[in-house]
Amino acid sequence: MNDAAATVRTTYREALRAALRDALTRDERVFLMGEDVGRYGGTYAVSKGLLAEFGDERVRDTPLSESGFVGAGIGAALNGMLPVVEVMTCNFSLLALDQIVNNAATLRHMSGGQFSIPLVIRMATGAGRQLAAQHSHSFEGWYAHIPGIRIVTPATLEDARGMLWTALMDPDPVIMFENALLYNLEGELAADAGPVDINRAVVRRAGQDLTLVTYGGSLGKTLAAAEVLAAQGVQAEVIDLRTLRPLDMPTVLGSLAKTHRMVIVDEGWKSGSLAAEIMARVMEEAFFDLDAPVARVCGVEVPIPYPKHLEEAAIPQVAGIVATALRTVGHHA
Amino acid sequence: MTGLDRSGLLRTMLRIRRFEEKCAELYSAGKIRGFLHLYIGEEAVATGAMRALQPDDAVLATYREHGHALARGIPATALMAEMYGKYEGCSHGRGGSMHIFDAQARFYGGNAIVGGGLPLAAGFALADRMMRRPRVTACFFGEGAVAEGEFHEALNLASLWQLPVLFLCENNLYAMGTALARSEADTDLCEKARSYKVPAQAVDGMDVEAVMAATVRAAAEVRAGGGPQFLEFRTYRFRAHSMFDPELYRDRQEVETWKKRCPIAAYTRQLQAAGGSDDAQLAAMEAEVAAEIAAAVAYAEAGSWEPVEFLARDVYTPRPG
C-alpha cells in the first residue's frame, strides 16, 4: 500500500454503484436486472444514474416476477452473459428460491460439470429500519447451507467496491448480501480501490484475549464492542468472515489457536444458523484449543417485530456482545 | 412441404418408441432406477418440432425428455449410459433419466421442476437478443406447467421484452394424475398465452407433419425478431406417468381410443398409402433401429461407475490455484 495514495470520501452505496459502473464498463456481457433498478434508481439508490449512463438494455427494470427474472439471469449466464440480478430484499428472494436452489446451484452438477453459471445475485438483508417481519430477515446463513453457490457479505467500503467484479469473474453463482443498514456507511476509500479477493476471511482488529467472529451488518457493532472491551482490559480479535460459503476456517481457527476463546455474532436466528455451523466446526477441528465454551450472540427466535425497542432486542447489539465476551473470558478452564 | 424427409421423421419416432420400450424393460430388470417417465404416444411432438431448429438454437425440456434428446441428436449410446447412471452418460451419470444435458447439442435439460425451465428459456433468449444473435430458444413443457407462476412470469417477460422464445406446450391432458379440466378454470391454453400478447396456435400433436409445419412457421417468426410464439400440441401419453403409477385417474377406454391415433402407426399408414415406403423398407428401418438400441444397451452395460472418490466433483467449476 502506498501511504501517499489518495482517498475519497464515499459511502457503501456509492462504492456499490462504482463497482456496478466499473463492471458495466469493463465487459459488454455485464447487465443489471431487477425491480426498480432503472428509472427509480434502485430501491436503495444503489443504481441511481446508471440507466442514463448505460441505457435500458443493460440497466433493465423487471416486472415483480422474482422467479422469472432470477431464472432469466441464470439462463442468460448459461448463454454467455454476466448478469447482475438485484432482488430487492432477501425476503423477496424466497419467491425465487426454486430458481436459485433447483437451477443455479444444481445445473452444473446434474449435467456432469458441462456448464458454469457466472451469475451474481445481489440482495439487501437484515433488520434495523422498523420494517417488520417481511422486510427484515437475514437469510444469508440459510443460503450458505446450499452447495453450488457462493455467499459473500460485504461489510466495508472496500468490499462493497471490490467484491462485485471478483464475484462476476467467478464461474459459479454468487449471492451478495448487502445489509441495508450499511448503505449509508461513510468513510475514506482509496481512490484507486478495485476488485478484492473473496476467498478469505480478514482480521479486522487484532487482539489476543478472545476471537469475535462476525460478518456483514454485525461487523460494525462487533468492532464497537471490541473497543468497549479494550477499555476494560480485554483485547478482542475481530474476524470478518466476508464469505459465508465456502467458510475460511483456517483464518478462524488460526485466531482461536492464539486466543483460545470465541464468540460468534450472527444476526440470523440461532437455531440452525451459520453461527451453529462455525461452532460445530470448532468442535470438530479445534476442541482442544478451547479454554471456554464457544458462545453466540444471535437473532432471537422471533419474526422481526415493528416497534423499535423490540426490533433492537431481537438482533445482536453492542451491549450483548460485550456481556457475552466478558462471560467468555471470565470462564477460565 | 416439398423435399420433406418423411422417412427420417418416421425413423426418429420409431427410434424414440423402441428406445423407451427398451428402457421400460430395463427398468423392470433393475438396470434403470429412480423415476422413468416415458414419452410413448407423444413422439410426433419432439420429432416434428425439433426439425424446425438449427444447431445453435437452445433446447430446454422436462423430465419426460428422452424423445427430445434423441430427436435433437444426442447419441442413443450416451443417453442409455445416462439412464444406467454410468460415467459415459451424457451427464456423466449424475442426472439420470430426468436430467439429460448435452452442451454440444445445446440441450439444457432435463428439468424436473414443473415450470422451472421457462424462466431459464427467457434468459437464454435475452442473451441472444442482447448479443444480436439470430437464434431461437425452444422450451418444451407440459400443460401442468401452465398452473405454475413461472409459466406466467416467463410468458410475460418474454412478451414484454420480445424475446426469441418458442414456447412448446405438450398437452397430454394429465398433470401426473390430474386432468386439465380438474386443475384449470380455463382449459384454453392458447388463450392464456394470448393474454400476454404471445401469438398462439393449437396443433394436432399426433400428426408429425402438422407439428413440424406449425413449428417451422413459428420458429421463423421468432427468428425474424417477432417475439415469442406459443404452440399447444394436443397429444396423449400411452403409458403411465412413471413406472410407479397405477393409472387410477383415467379409464382404459380413453387410453385405447387415443392409442388408435398412435402417431407412428398413423404415419406409417400414410407413407404406405402414398407409396413412399413398402414393407421391406419398414422392416429394414426396424432392424436398423433395433441394432442402434442394442448397441446403446451394450455401450451402457460396458460403461463404468464413477469412482466414489469423485463424489464431490462438479459442484463448483474447477479454478486455478
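The values are calculated or read from the model by the stated rules, or taken from the named source; none is laboratory data. Just so it is clear, the structure is predicted and the values come from calculations on it, not from any experiment. In this analysis, Cβ positions are derived from the backbone assuming ideal geometry, glycine residues included, and neighbour counts consider all displayed protein chains. For the accessible areas, the whole protein counts, side chains as well, though only heavy atoms, and no ligand, DNA or RNA atoms are used. Shrake-Rupley method; radii C 1.70, N 1.55, O 1.52, S 1.80 Å.
Restricting segment A:27-59 to residues that are within 14 Å of another protein chain (Cβ to nearest Cβ) and under 24 Å from the mean Cα position of the chain (by Cα), the residue that is surrounded by the fewest Cβ atoms within 10 Å (Cβ to Cβ) is A:Glu35. Can you tell me which residue within segment B:83-108, out of those that are at the interface with chain A (Cβ under 7 Å from one of its Cβ atoms) and in a strand (DSSP E or B), is nearest to B:Ala295 (Cα to Cα)? Only one residue tops the list, namely B:Phe101.
Would it be correct to say that A:Phe92 is within 14 Å of chain B (Cβ to nearest Cβ), of a type in the set (Phe, Trp, Tyr) and over 28 Å from A:Asp197 (Cβ atoms)?
Working: within 14 Å of chain B (Cβ to nearest Cβ): yes; of a type in the set (Phe, Trp, Tyr): yes; over 28 Å from A:Asp197 (Cβ atoms): yes.
Here the answer is yes, as A:Phe92 does meet what is asked.
Filtering segment A:230-244 for residues that are small (Gly, Ala, Ser) and under 20 Å from A:Gly162 (Cβ atoms) leaves an empty set.
Residue-level check: of (1) within 13 Å of chain B (Cβ to nearest Cβ); (2) part of a strand (DSSP E or B), A:Arg122 misses just (1).
Restricted to helices (runs of 4 or more DSSP H) entirely inside segment A:221-333, those with at least 1 residues that are farther than 22 Å from A:Ala201 by Cα and of a type in the set (S, T, N, Q) are A:318-330. For segment A:250-300, how many residues are within 23 Å of A:Val234 (Cα to Cα), in contact with a strand residue (DSSP E or B) (Cβ under 6 Å, 6 or more places away or on another chain) and of a type in the set (D, E, K, R)? Adding up the residues that qualify gives 3. The number of residues in segment B:112-156 that are facing chain A (nearest Cβ under 7 Å), open to solvent by less than 10 Å² (accessible area, probe 1.4 Å) and assigned to a helix (DSSP H, G or I) comes to 10. For segment B:35-49, taking the residues that are of a type outside the set (Asp, Glu) and assigned to a loop (DSSP other than H, G, I, E, B), the one that is farthest from B:Arg17 (Cα to Cα) is identified as B:Phe35. Residues in segment B:50-79 that are open to solvent by less than 10 Å² (accessible area, probe 1.4 Å) and either β-branched (Val, Ile, Thr) or not in a loop (DSSP other than H, G, I, E, B) (or both): B:Ala58, B:Val59, B:Leu60, B:Ala61, B:His66, B:Gly67, B:His68, B:Ala69, B:Leu70, B:Ile74, B:Ala76, B:Leu79.
Evaluated against (1) in contact (Cβ under 8 Å) with a residue 40 or more places away in the chain; (2) surrounded by 15 or more Cβ atoms within 10 Å (Cβ to Cβ); (3) more than 19 Å from B:Cys169 (Cα to Cα), B:Val255 falls short on exactly one condition, (1).
Go through the residues of segment A:130-149 one by one and say whether even a single one is assigned to a helix (DSSP H, G or I), over 21 Å from B:Gly117 (Cα atoms), touching a helix residue (DSSP H, G or I) at 6+ places or on another chain (Cβ under 6 Å) and open to solvent by 40 Å² or more (accessible area, probe 1.4 Å). I'd like the intermediate steps shown before the answer.
Taking segment A:130-149 first, the residues assigned to a helix (DSSP H, G or I) are A:140-143.
Subsequent filtering for residues that are over 21 Å from B:Gly117 (Cα atoms) retains A:140-143.
Narrowing the set further to residues that are touching a helix residue (DSSP H, G or I) at 6+ places or on another chain (Cβ under 6 Å) leaves A:141.
Now restrict to residues that are open to solvent by 40 Å² or more (accessible area, probe 1.4 Å): none.
No, every residue in segment A:130-149 fails to be assigned to a helix (DSSP H, G or I), over 21 Å from B:Gly117 (Cα atoms), touching a helix residue (DSSP H, G or I) at 6+ places or on another chain (Cβ under 6 Å) and open to solvent by 40 Å² or more (accessible area, probe 1.4 Å).
Among the residues of segment A:60-83, those identified as outside any helix (DSSP H, G or I), more than 7 Å from every other protein chain (Cβ to nearest Cβ) and over 21 Å from B:Arg133 (Cα atoms) are A:Asp61, A:Thr62, A:Leu64.
Yes or no, residue by residue, for (1) crowded, with 16+ Cβ neighbours inside 10 Å; (2) in contact (Cβ under 8 Å) with a residue 60 or more places away in the chain; (3) outside any loop (DSSP other than H, G, I, E, B):
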| position | (1), (2), (3) |
| --- | --- |
| B:Ser159 | yes, yes, yes |
| B:Arg182 | no, no, yes |
| B:Cys190 | yes, no, yes |
| B:Val198 | yes, no, no |
| B:Ala213 | yes, yes, yes |
| B:Ala219 | yes, yes, yes |
| B:Glu232 | yes, yes, yes |
| B:Arg237 | yes, yes, no |
| B:Ser242 | yes, yes, no |
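Going by the structure shown, is B:Asp279 touching a residue at least 40 places away in the same chain (Cβ under 8 Å) and of a type in the set (D, E, K, R)? In short, no.
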